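Shown next, in structure tokens, is the structure this report addresses.
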Amino acid sequence: MTPVLELTEVTFRRDGKQIIDGISLTVRAGEHWALLGPNGAGKSTLLGFCAAVTFPSSGTVRILGGQMGRTDLSVLRRSIGHVNPRHRLQYPLTVREVVLTGFTATIDTAARWTPSAEQLRRADALIDTVGLSARTDAVWPTLSHGERGRTLIARALIGEPRLLLLDEPSTGLDVAAREQLLETIDSLDATHPEMASILVTHHLEELPTSTTHALLIGAGRTVAMGPAEDTVTTEHVSTAFRHPVTVGFTDGRWSARARASSRVL
């Protein structure tokens with residue numbers, strides 16, 4: 001089976017600075033990857049490759065067998081759902097209207113476009129999937145950060161993507177809202193079993209229990225990669241973040257805290 005995503009020895013330079021330095025990654029159907037690393041490690045740049053919006057300086061990017069630079073990018077992007085918590089609307093759309101913009105790949109409602117009855121049905125079904133049926137007609141400014149996050153997941157899913165990208169989806173959420181969002185993400189393993197996903201974060205507590213694999217990067221290079229339980233460890237996380245960190249793993253969830261200093265005050 002053709003991998004959903006293949007990055008092969010990708011690099012990226014900006015203003016003479018090496019941002020990404022020879023990273024390779026293969027993501028297959030049904031796998032749920034965590035992309036972890038400190039601020040400035042290159043996570044956003046790497047996600048840009050995965051979204052088919054940023055070209056590497058060298059190396060190759062293949063999405064569903066189509067290679068960037070040799071394939072119509074609009075075709076590749078139809079297979080990718082992108083959840084960005086910094087999604088900004090110009091107009092106060094309802095939850096249903098925001099979800100429907102996933103069909104047109106626009107931020108606001110596309111001019112001279114009217115959804116079909118089937119598209120409306122699908123939007124409402126996905127709104128129910130993410131637990132927002134009671135808020136279908138609520139407008140964006142009245143939504144909590146958690147409700148916005150779940151709305152954006154429904155929006156990303158409406159095009160039936162083969163790859164879902166979640167760019168720090170828990171940004172700005174309190175603990176309760178974060179847990180509700182992670183429950184929604186975990187539920188996708190059952191509702192969309194063939195879809196692959198990549199979740200970007202630098203907080204281990206934000207990893208859902210459905211995480212199967214992880215890639216840890218630091219300073220633009222791979223620190224560790226593989227099955228999540230073998231990769232997200234005290235040793236690897238401490239190396240990636242360049243600081244001694246103790247990693248815990250209980251009931252399918254990770255935690256991290258800095259090791260206590262041995263210095264006596």
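The residue that is nearest to Leu181 (Cα to Cα), counting only those in segment 68-95 that are touching a helix residue (DSSP H, G or I) at 6+ places or on another chain (Cβ under 9 Å) and of a type outside the set (A, V, I, L, M, F, W, C), is Pro85.
Per the conditions (1) within 22 Å of Pro85 (Cβ to Cβ); (2) touching a helix residue (DSSP H, G or I) at 6+ places or on another chain (Cβ under 9 Å); (3) not polar (S, T, N, Q), the sole criterion not satisfied by Val245 is (1).
Considering (1) part of a helix (DSSP H, G or I); (2) free of Cβ contacts under 8 Å to residues at least 12 places away in the same chain; (3) of a type in the set (Gly, Ala, Ser), the lone condition that Ala110 does not fulfil carries the number (1).
In segment 118-135, the residues that are assigned by TED's automatic domain parsing to the domain that holds Thr151 and free of Cβ contacts under 8 Å to residues at least 40 places away in the same chain form Cβ pairs under 8 Å with partners that are part of a helix (DSSP H, G or I) and exposed (fewer than 14 other Cβ atoms within 10 Å of the Cβ), at six or more places apart or across chains, as follows: Asp124/Ser133; Ile127/Ser133.
Of the residues making up segment 108-135, just one is in contact with an Asp or Glu (Cβ under 7 Å, 6 or more places away or on another chain) and over 22 Å from Gly172 (Cβ atoms), namely Thr109.
Among (1) in contact with an Asp or Glu (Cβ under 9 Å, 6 or more places away or on another chain); (2) under 30 Å from Val75 (Cα atoms), there is one condition Leu216 misses while meeting the rest; what is its number? In the conditions (1) in contact with an Asp or Glu (Cβ under 9 Å, 6 or more places away or on another chain); (2) under 30 Å from Val75 (Cα atoms), Leu216 misses (1) alone. Of the strands (runs of 3 or more DSSP E) entirely within segment 209-250, those holding at least 2 residues that are assigned by TED's automatic domain parsing to the domain that holds Thr11 and over 24 Å from Ala196 (Cα atoms) occupy 245-250. Of all residues in segment 124-133, none satisfies being part of a loop (DSSP other than H, G, I, E, B) and at pLDDT 95 or above.
Here Leu199 fulfils each of the conditions (1) surrounded by 17 or more Cβ atoms within 10 Å (Cβ to Cβ); (2) over 11 Å from the mean Cα position of the chain (by Cα) apart from (2). The residues of segment 59-103 that are among the acidic types (Asp, Glu) and assigned to a loop (DSSP other than H, G, I, E, B) amount to a single one, Asp72.
The single condition among (1) assigned to a helix (DSSP H, G or I); (2) more than 22 Å from the chain's Cα centre (by Cα); (3) of a type in the set (S, T, N, Q); (4) surrounded by fewer than 14 Cβ atoms within 10 Å (Cβ to Cβ) that Gln119 does not satisfy is (4).
Condition test on Ile80, is it buried (at least 21 other Cβ atoms within 10 Å of the Cβ) and in contact (Cβ under 8 Å) with a residue 40 or more places away in the chain? Criteria met by Ile80.
Do we have any residue at all in segment 145-158 that's over 16 Å from the mean Cα position of the chain (by Cα), of a type in the set (Ser, Thr, Tyr) and not assigned by TED's automatic domain parsing to the domain that holds His203? No, there is no match, as no residue in segment 145-158 is over 16 Å from the mean Cα position of the chain (by Cα), of a type in the set (Ser, Thr, Tyr) and not assigned by TED's automatic domain parsing to the domain that holds His203. Can we say Thr209 is surrounded by fewer than 16 Cβ atoms within 10 Å (Cβ to Cβ) and in contact with a strand residue (DSSP E or B) (Cβ under 7 Å, 6 or more places away or on another chain)? Against the criterion (surrounded by fewer than 16 Cβ atoms within 10 Å (Cβ to Cβ) and in contact with a strand residue (DSSP E or B) (Cβ under 7 Å, 6 or more places away or on another chain)), Thr209 qualifies. Within segment 15-58, the set of residues being in a strand (DSSP E or B), surrounded by fewer than 18 Cβ atoms within 10 Å (Cβ to Cβ) and either in contact with an Asp or Glu (Cβ under 8 Å, 6 or more places away or on another chain) or touching a residue at least 12 places away in the same chain (Cβ under 8 Å) (or both) comprises Gln18, Asp21, Gly22, Ser24, Thr26, Ser58.
The values are calculated or read from the model by the stated rules, or taken from the named source; none is laboratory data. Please read all numbers here as calculations on a predicted model, not as lab measurements. When we count neighbours, we look across all protein chains shown, and the Cβ atoms used for this are built from the backbone with ideal geometry, even at glycine.
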